[in-house]
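The values are calculated or read from the model by the stated rules, or taken from the named source; none is laboratory data. Quantities reported herein were computed from a predicted structural model and do not represent experimental measurements. Every residue, glycine among them, receives a Cβ derived from its backbone with ideal geometry; neighbour counts consider all protein chains shown.
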Amino acid sequence: MNTLTVELGERSYPIVLGDMRECAAMLAEKLSGRSALIVTDENVEQAGHLERLQQALAENDFTDFHALILPPGEEHKNLVTVEQIARTAVSAGLNRRSVMVALSGGVVGDMTGFASAVYMRGIEFIQLPTTLLAAVDSSVGGKTGADLPEGKNLIGAFHQPQLVALDMAVLATLPECEWRNGLAEVVKYGMIMDEKFLSLLEKNTGKLNSFDPDFYCGIIRRCCECKAEVVAGDECEKGRRAILNYGHTVGHAVEKLSNFTLPHGQAVAIGMAAAARLAVKMNMLNAAVEERQNQLLKALKLPTLLPQASNINSIIQTMHSDKKNSNNSITMVLPTAAGAVEVVRNIDEKLLAAALEELLQP
Ligand code: ADP
Ligand code: ZN
C-alpha cells in the first residue's frame with residue numbers, strides 16, 4: 001500500500017493508493033462505530049464499484065451504511081442535488097458523528113463534500129475517487145461545492161476530507177475521454193512545479209496512452225504529492241495555491257463558451273498552450289519550453305489550438321467574468337521555465353489577444 005499525507009496540522013489526512021481491500025480496510029477502521037452515507041453516480045454503480053465497496057466493507061464487519069446513487073453529469077451539480085444528499089442523510093439517520101463517503105468523480109465528490117460541510121454544521125467526509133481527474137485533482141485539497149445557474153462552483157466551502165483512498169482497479173472502467181481529461185492536469189503539475197516529472201511524462205507517452213495501471217499508480221502518487229504540498233502551504237488559496245490554476249483562466253473561458261461541450265481537460269490543455277504563448281510573447285519563457293509542453297500535450301492527444309470559430313473578444317470578456325479576476329484586470333498563471341510558474345496580475349490584454357490570435361485554427 002502506498003500512502004502519503006496532506007500536512008494541515010490537526011486537519012492532516014492520508015491519501016492511500018491501493019486496491020479495494022486495502023481501501024475498504026482503512027475505511028472500515030475510520031467508520032467503526034459510526035453510520036455512513038455512500039454517495040455515487042449511476043455509471044460508477046453500473047460499473048460494479050458500489051457493489052465491490054459494499055462487499056469489501058461487509059468483509060471488514062462494517063454494515064452501517066446507506067447508499068445514494070445520483071444521475072451523472074455536471075448538469076446535476078446544483079443545490080437541489082445537495083439538498084437531496086442532505087435529506088437522504090436525514091432519512092438514513094446520519095448524526096454529527098456520521099460520515100459521508102463519495103465514491104465518484106469530481107462532480108459527485110464536490111457535492112458530497114459540500115453536503116458534509118454543511119450537514120448539521122459539518123460532519124466528516126471521505127473521498128474514494130473513481131476518475132483520474134478526481135484522483136489527481138479534485139479529491140485532494142478540500143474544495144467542495146456546487147454550481148449556480150450563473151456559473152460553475154459559485155457556491156461552496158473549504159472542507160478537508162478525513163481520508164482519500166484510491167482503488168486503482170476502479171480506473172479500469174473509466175472511458176478513454178475521461179482519463180485523457182485527467183492527463184491535462186497531470187501535465188499541469190509537471191509544468192508548474194516539477195521538471196523531472198515533466199521529462200518522465202515525455203519519455204513515457206506510450207504507457208500514458210495505453211493507460212498502463214502500474215505506471216499510472218506512480219504518476220497519480222506524484223500528482224497527489226505536488227497538490228498536497230501546495231495545499232499544505234496555502235489551504236484557502238490566499239497565495240501560492242493559485243499556481244494550480246495554470247491553464248484554467250483561458251481554459252474556463254473556452255469551456256464556458258462551448259456551453260461545456262468541450263471537456264475540462266481539453267479546455268485546460270488549450271489554456272496551458274495560451275498561457276505559454278503569452279509568456280513567450282512577454283519574454284518570460286523560452287519558446288523551447290512552450291514547444292516541449294505542446295509536443296507532450298499533442299502526444300497525449302490533447303488540443304493546443306483554440307476550438308474552431310473561436311472569437312478572441314468573447315474569450316477575453318469571459319475571462320473578465322471569472323470569479324478569480326477582480327478590479328477589471330485579468331490575472332494569469334504564466335510559465336517561466338519547465339517546472340516553474342508565476343502569478344501575473346494586470347495582464348496586457350492587447351498582448352493576450354495577439355497570443356490567442358496565434359492559437360486560432362487555420
Ligand atoms: P470528473 O471527475 O472528471 O470531474 P465526473 O464526476 O463527471 O468527472 O465523472 C466523469 C464521468 O465518468 C461521469 O459520467 C461518471 O459517471 C463517469 N465515471 C466516473 N468514474 C467512473 C469509473 N470508474 N468507471 C466508469 N465511469 C466512471
Ligand atoms: Zn482543472
| Flag for L94 being touching a strand residue (DSSP E or B) at 6+ places or on another chain (Cβ under 8 Å) and aliphatic (A, V, I, L, M) | yes
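Hand me the list of helices (runs of 4 or more DSSP H) wholly inside region 1-98 holding 1 or more residues that are buried (at least 17 other Cβ atoms within 10 Å of the Cβ) and among the hydroxyl-bearing types (S, T, Y). Give the steps one after another, and end with the answer.
Details: elements: 20-31, 42-46, 49-59, 79-91.
Fully inside region 1-98 and qualifying: 79-91.
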| Q46 vs. criteria more than 11 Å from ligand 1 (Cβ to nearest atom) and more than 25 Å from V118 (Cβ to Cβ) | no
| note | Quick count over region 332-345, residues being in a loop (DSSP other than H, G, I, E, B) and at pLDDT 95 or above, is 2
| Are there any pairs with C-beta distances below 6 angstrom linking a residue in region 72-83 that is over 16 Å from L103 (Cα atoms) to a residue that is among the charged types (D, E, K, R), with the two at least 6 apart or on different chains, and if so which? | N78/D147
| said: I want to confirm something. Restricting to region 321-346 and keeping residues that are surrounded by 14 or more Cβ atoms within 10 Å (Cβ to Cβ) and over 18 Å from M191 (Cβ atoms), which single residue is farthest from the chain's Cα centre (by Cα)? | reply: I330
| query | If you take the residues of region 180-206 that are away from ligand 1 (no atom under 16 Å from the Cβ) and aliphatic (A, V, I, L, M), which of them is surrounded by the most Cβ atoms within 10 Å (Cβ to Cβ)? | reply | M191
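Taking only region 170-179 into account, find how many residues are in a helix (DSSP H, G or I) and exposed (fewer than 15 other Cβ atoms within 10 Å of the Cβ). Can you show your working first?
Filtering region 170-179 down to residues in a helix (DSSP H, G or I) leaves 170-173, 176-179.
Still in the list and also exposed (fewer than 15 other Cβ atoms within 10 Å of the Cβ): 172-173, 176-177.
Of the residues in that region, 4 qualify.
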| task | Could you tell me whether region 298-313 includes any residue that is more than 16 Å from A353 (Cα to Cα) and outside any loop (DSSP other than H, G, I, E, B)? | result | yes
| task | Mind counting the residues in region 87-123 that are more than 16 Å from ligand 1 (Cβ to nearest atom) and more than 16 Å from H159 (Cα to Cα)? | result | 9
| said: I'd like the full set of residues that are surrounded by 16 or more Cβ atoms within 10 Å (Cβ to Cβ) and away from ligand 1 (no atom under 16 Å from the Cβ), limited to region 208-217. | reply: L208
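Results for (1) in contact with a strand residue (DSSP E or B) (Cβ under 9 Å, 6 or more places away or on another chain); (2) on the phi < 0 side of the Ramachandran plot; (3) not charged (D, E, K, R), shown as yes or no for each residue.
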site	(1), (2), (3)
V268	no, yes, yes
M272	yes, yes, yes
K281	no, yes, no
L297	no, yes, yes
S310	no, yes, yes
Q317	no, yes, yes
H320	no, yes, yes
| Just one of V136, V90 is more than 16 Å from ligand 2 (Cβ to nearest atom), farther than 18 Å from E45 by Cα and either in contact with a Phe, Trp or Tyr (Cβ under 6 Å, 6 or more places away or on another chain) or of a type in the set (A, V, I, L, M) (or both); which is it? | V90
| task | Evaluate region 222-240: report whether one residue or more is under 20 Å from E74 (Cα atoms), within 15 Å of ligand 2 (Cβ to nearest atom) and of a type in the set (V, I, T). | result | no
| field | region 124-143 - residue that is farther than 23 Å from V254 by Cα and β-branched (V, I, T) and, of those, farthest from ligand 1 (Cβ to nearest atom) | value | I126
| remark: Filtering region 256-285 down to residues that are of a type in the set (D, E, K, R), over 17 Å from D348 (Cα atoms) and at pLDDT 95 or above yields none
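Looking at this structure, is L103 assigned to a loop (DSSP other than H, G, I, E, B) and touching a helix residue (DSSP H, G or I) at 6+ places or on another chain (Cβ under 8 Å)? Talk me through it step by step, then tell me what you get.
Details: assigned to a loop (DSSP other than H, G, I, E, B): no; touching a helix residue (DSSP H, G or I) at 6+ places or on another chain (Cβ under 8 Å): yes.
So L103 does not fit the description; no.
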| query | On the given criteria, is Q361 more than 12 Å from L278 (Cβ to Cβ), loosely packed, with under 15 Cβ neighbours inside 10 Å and without any contact (Cβ under 8 Å) to a residue 12 or more places away in the chain? | reply | no
